[in-house]
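What follows is a single structure, written as structure tokens, with notes after it.
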Amino acid sequence: MSAAGHRRRQPRSRNETDDSSVDGSDGAAAGGEGRREELAAYRGALAANLLLNATWSWLFWRSRRPWLAAAECAVLTASSADLVRRTYRLHRGAGAALAPYALWCGFATVLSAAIARLNPGARGGS
């Protein structure tokens, strides 16, 4: 019992006690082959998202192609929304915490397109 005299609820699953379960480093065997496949797909989606995130910076700042960067940012937004969905399936709290990232990516897409529009002479522009 807690100090206030209430019984503490015991966690029902490993996911309620261990946020590291999202990476699946030690929980894949418990869920069987389907869980392993889901975690492998999750890792692939996360790696793709990280690559897209790094690519935007290169396209925008290094190659100075704002329209291409804006298009790539739209793909990053879709990837981020997918990553939120996958994360939520594995751990609801982590998925909810990641949702603002997908929203930020959407805002960054709009901002990138606006910058491209304001710089018509930049390479990759119209």
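Key figures for this structure:
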item: Test set (1) open to solvent by 20 Å² or more (accessible area, probe 1.4 Å); (2) touching a Leu at 6+ places or on another chain (Cβ under 9 Å); (3) at pLDDT below 95 - residue 98 fails condition number; result: (3)
item: Tally of residues being hydrophobic (A, V, I, L, M, F, W, C) and surrounded by 17 or more Cβ atoms within 10 Å (Cβ to Cβ) across the range 46-70; result: 8
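The values are calculated or read from the model by the stated rules, or taken from the named source; none is laboratory data. Quantities reported herein were computed from a predicted structural model and do not represent experimental measurements. Here the Cβ is made from the backbone with ideal geometry for all residues, glycine too, and neighbour counts use every protein chain on show. To get the accessible areas, we keep the full protein, side chains included, count just its heavy atoms, and leave off ligands, DNA and RNA. Shrake-Rupley method; radii C 1.70, N 1.55, O 1.52, S 1.80 Å.
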